[in-house]
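One structure below.
Bear in mind that the values in this text are calculations on the coordinates, not laboratory data. Since the structure is predicted, the reported quantities are computational estimates derived from the model, not experimental observations. Every residue, glycine as well, gets a Cβ built from its backbone with ideal geometry; the counts of neighbours run over all protein chains shown.
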Amino acid sequence: MELLVASAVGVMTTVGLYLILRLRAFPVIVGLTMISYACNVFIFASGRVVAGLPPILSKTATGYTDPMPQALVLTAIVISFGMTAVLVMLALGAFFEAGDDRVDLDEEGRE
Amino acid sequence: MSPALIAALPFLGALLPGLLIRVSRTACATVTGSVTLLALIGLGLHIPAVLRGEVITARFDWLPMLGLNATFFLDGLGLLFAGLILGIGLLIILYARFYLSDRDPMGQFYTYLMLFQGAMVGIVLSDNILLLLVFWELTSLSSFLLIGYWKHLPEGRQGARMALTVTGGGGLAMIAGMLILGQIAGSFDLTVILQHKAEIQASDWYLPALILILLGAFTKSAQFPFHFWLPHAMAAPTPVSAYLHSATMVKAGIFLMARMWPVLAGTPEWFWIVTSAGLFTMVMAAKIAFFKDDLKALLAFSTVSHLGLITMLLGFGTKAAATVAVFHIINHATFKAALFMSAGIVDHEAHTRDIKRLGGLRHLMPITFTIATVAGLSMAGIPPFNGFLSKEMMLEEAAHTAPWVIPALAVIGALFSVAYSFRLVAHTFLGPVRDDYPHKPHDPGFGMWASPALLAVLVVLIGLMPMTFAGWLVDAAAGAVTGDTVHAHIKHWHGLESPALWMSLFAIGGGLVLLGLHAPFDRIWLAFPRPEAKRIFDTVIEAFAALTARVNRRLHSGALGQYLAVATLAILAGGVWAFQTGTHSPGTRSLQEIEPVAAAGWFALMVASFGVALMHRQRLLTLVLIGVIGLIVSVGFAYLSAPDLALTQISVEVATVILMLLSLNFLPKYTPAVSSTARKTRDWIIAGAGGLGVGTLIYALMLRDFAFPTIADYHLANAKALGGGTNVVNVILVDFRGYDTFGEITVLGIAATLIFALTETILRPGPANDRLRNWKSDTPDAGDRHPLMMVVATRMMLPIALLVGIYIFLRGHNVPGGGFIAGLVVAIALVMQYMASGFGWTAARQKIDYHGLIGAGVLIAAATGIGSWFAGRPFMTSNYGYFHIGPLEEFELATAALFDLGVFLTVLGAVMLALSSLTRIAVRAGQTTNIEAFDMQDKLEPGPGAEAEVK
């Protein structure tokens, strides 16, 4: 199980990193989304993964997983939506301003 | 009144002018003055105690671990300076009321002035040197605002910048010096440091600390070679000059030297550095002042000269000299503030400050003439005014100091001082009345001359009866400086055998001769080139700016990919280094079995991830795959015992994909192939290395047990007892870590507002807006944009979706759900209406403003947090209870639910604001919006929204 989670984090990070190194805004945003997934799963998994033990208190439960990383990740997911939205808007603004969605400045700089 | 409150009052008072300026200018000035008066009265109440030798203290722990505490103390020196700052501040507030013209924003002026006043009072009352540094920097910042108050004048802006650069730079040096001093003494409390003279002076670090602290003091007090900023700061309005350069800002450096005098003074290093800087500054500035034609420039250089005089006295290191220094601080503040204000009156009435264009004003402005003459003669050191007393005492001290060059130069400085003081009075006020003034001058109203007149009265009173009007204050302040009981004997006549008498007479005689020869000397002075401090300063600054620009161009090439590649590799290298140098133990946790369903999900994730990477140029397809990945991640969360995360992830996923789809409406649908194979290979290597590192790290982490006891147990054990909920994740969010959540929803609200602001920017007239209005879709519209089935289905579903949202919200405290998820679910339900029925139709029915939702959410969450104060508990402590109403089952009510409501509203508002902003862009791009329920062809029109937007 751990191997699956770890490899998933690794692959999502790889794809995310590859995409943020592209030259257009859209792949960069998608890449950041991928990195967000990877980060969230990473932090979540730092509480160690276990199936079937949700942190919902009850008399019948045999144990609970660590609730702390979950609380951290929950807000992180929502914040990453906010971040993505801001980036999308920036990309749109840049696109309308410049006519394309390149992320690099030209040689002489684009003002 | 506590010293802390005295320091805090001006800061509180700074809030008032901005409000009261709406009432009237007089109300604004009155209230500002009242606050200062209140602080002054509070200070005055302590006078008897301080004169008895008591020290009044106030202490608040701020960051005790860093040694930074808000500790204040009031002793004789603090009393003297705080009295000057508040007293002259009060006079300046009165004077500025009449000096500032109707065009000047008076509210701003008083706000800056009060900020500055508070910072100054803070410096002189601080007992903690770190706190003192905070106030020290605040004076640099607020004086920047004051000097640059006339923003429209380039001289004002440049002068302000120069003052900030020089004094701020010195402040940085002083921070280092103070830290060293604190380390030597083992405490950052002044009262403690002052008792460690022997250790400090014996330390190897004494000289570096001394030089660094003196750098701070010399820059602030405009000592050579840092004197050049002060004359340029004269571009400020005269009330500012009068305040900053008579009693406050430039005296801060003097204050610091006096404050540190007991531990720093008395060594040869101190004597030579401080005395020579002071002496040289005094003579040089006095000479320049003699040749200045601008009244304020003359006064500026004379201020520099007098500061040099005080510095020199402190440098002597003897108790008698320090006492004279304290006395001269009082005298200089009185006559110099009066002179500055008089110069301001002349400028205000005659519309020029150029001495060569003035003269004869004695007949036209008798009141101003009287004030300026009294103050000017005092500055020259003519009996019986107060300047005479301290100058005699200064010469007396200099005469007893070796080597001989010190008294000789002191006399020359005094001689120039006589010359420029007389020139100021004679060439401005005496002589025949001219007929070519830029404006016919006359005396101003009472309000304007009241302040300088009062100071002139003080000049005379202290001069005539020094022991009655100043002796007690000098004793108290000098006692605090020297740490010894001081009984100053200030008198006019020291006897014929006193060297000071002859030195003084020589200075007066020589000064008069020099004044008579002003015209020929002036021609010589003008004929020779002089080093222009501003040009040198500008050259140095420009060189630095060029260097920075060069470095920046290299580092900041504009290629985002380069930065990110460098950052990734640097982080990776850091990780490898940490791995190489750290110690590791093998993992002890056993691996869990892989179930087939998990393996299937993993496989789908792999396919989708690599699919995204390989087919990212087809953007729509990428979005579909991103949706798949998000879905599997959320299912994974559910599988791995995180139901709340699963619910959040899936609803965020929907919102994110909708958002990206909306943006793809405009952005190109395909990414062009521009990267070379080499570049792609390089990027794959970097990305692969990063992914491998992260994957290995989390794998290693999961194989090992926690290095420290986890805090999870505490939360699990207390969620029900303290937070009243069984869903531990939700209890953590709204209760244990409620403060974090509060911060997070605030950030979310800010992000949404930012999106709105960006949209406004795009929609503003400009190239982006032009492109938007001429935008042509590169894909044809769907034939049926609002399919009947979808419209009906979404309408049917809306109440159900809202009910589900409410249900998820209510149950959140005990089972998976809560404000975050409910907010997302309701947002998606509403977005569905936009999608199905169109923007125009939905917007017309949407009564609630999304900004309002965000604001209300944050405010409700904050109010819930504050509510716990009324129950006598810390911020954000939740409370809950069980209630029974009528036929309903017993149910629980928790204040945390109210907090969660705030979360809900903020999330809902933020998501909706983000998505509707994108829609507004679409409307501007000419997309039709329907106003009728269904999308009949004949009802289609460019939406009313579009027209409204254009306007």
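Annotations for the structure displayed:
- Extension gain for B:Phe891-B:Ala844 works out to 13.1 nm (0.36 nm per residue, less the C-alpha to C-alpha distance).
- Here the peptides B:741-752, B:108-119 are ranked by packing, the mean other Cβ count within 10 Å, and the order with the highest first is B:108-119, B:741-752.
- When only the Cβ of Lys, Arg, Asp and Glu is charged (+1, +1, -1, -1), the dipole of chain B relative to its Cα centre reaches about 2080 debye.
- Positive-end residue of B:Leu905, B:Leu190, B:Val346, charge dipole of chain B with Cβ unit charges: B:Val346
- If you take the alpha carbon atoms of the stretch B:801-906 and fit the smallest convex hull around them, that volume is 127 Å³ per residue.
- Helix B:643-664 and the longest principal axis of the C-alpha atoms of chain B enclose an angle of approximately 80°.
- In a simple Cβ point-charge model (Lys, Arg +1; Asp, Glu -1; nothing else charged), the protein assembly as shown has a dipole of about 1580 debye relative to its Cα centre.
- Within 10 Å of each Cβ in B:767-775, the average number of Cβ atoms from other chains: 3
- On Cα atoms only, tilt of B:268-291 relative to the major axis of chain B in degrees: 80
- Peptides B:269-278, B:544-553 ordered by packing proxy, namely the average of other Cβ atoms within 10 Å per residue, highest first: B:269-278, B:544-553.
- Shielding value for B:658-668 is 5, the average number of Cβ atoms from other chains within 10 Å of each residue's Cβ.
- Calculated diffusion of the stretch B:265-516, Stokes-Einstein form, Kirkwood radius summed over Cα pairs, 10 °C and 1.306 mPa s, µm²/s: 87
- Relative contact order for chain B, counting Cα pairs under 8 Å that sit 6 or more residues apart, in percent: 8
- Value at 222 nm in deg cm²/dmol, rounded to 500, when DSSP H runs of n ≥ 4 in chain B each add -39,500 (n - 2.57): -23500 deg cm²/dmol
- Taking the Cα centre of chain A as origin and assigning +1 to Lys and Arg Cβ atoms and -1 to Asp and Glu Cβ atoms, the resulting dipole is close to 740 debye.
- Alpha-carbon centroid distance for the pair the stretch B:561-624 / the stretch B:1-57, whole angstrom: 61
- With eigenvalues of the C-alpha gyration tensor scaled by 5 and rooted, the stretch B:726-951, Å: 39, 22, 12
- Cross-link partners of B:Lys296 among lysines (Cα-Cα below 26 Å; sequence separation of 8 or more within a chain): B:Lys151, B:Lys220, B:Lys251, B:Lys287, B:Lys336, B:Lys356, B:Lys391, B:Lys440, B:Lys534
- Estimated [θ] at 222 nm from DSSP helical runs (n ≥ 4, -39500 (n - 2.57)) normalised by residues in chain A, nearest 500: -23000 deg cm²/dmol
- For peptides B:909-916, B:792-799, sequence by mean Cβ density within 10 Å, most packed first: B:909-916, B:792-799
- Across peptide B:625-634, the average count of Cβ atoms from other chains found within 10 Å of a residue's Cβ is 3.
- With Cα atoms, 0 to 90° folded angle of helix B:533-555 axis to chain B main axis: 20
- Hits among lysines - C-alpha to C-alpha of B:Lys847 under 25 Å, sequence gap 8 or more where chains match: B:Lys939, B:Lys951
- Per-residue Cβ neighbour rank within 10 angstrom, fewest leading, B:Trp404, B:Trp684: B:Trp404, B:Trp684
- 10 Å beta-carbon shell around B:Asn69, net charge (K/R +1, D/E -1): -2
- Counting Cα-Cα pairs of the stretch A:23-111 in 5 Å increments starting at 0 gives whole-percent bin shares of 3, 12, 17, 14, 12, 10, 9, 7, 6, 4, 3, 2, 1, 0.
- An ellipsoid equivalent to the protein assembly as shown, defined through the eigenvalues of its Cα gyration tensor, has semi-axes of 69, 34, 30 Å when rounded to whole angstrom and sorted largest first.
- Of all lysines in the structure, the ones whose alpha carbon falls short of 22 Å from that of A:Lys59, not counting any fewer than 8 places away in one chain, are B:Lys720.
- Candidates per trypsin sites (Lys or Arg not before Pro) in the stretch B:142-248, loop by DSSP, up to 13 other Cβ within 10 Å: B:Lys151
- Positive-end extreme of charge dipole, chain A - chosen from A:Leu23, A:Ile35, A:Ala51 (charges on Cβ): A:Ala51
- Positive-end residue, the protein assembly as shown charge dipole about Cα centroid, Cβ charges, pick of B:Leu15, B:Pro441, B:Gly376: B:Pro441
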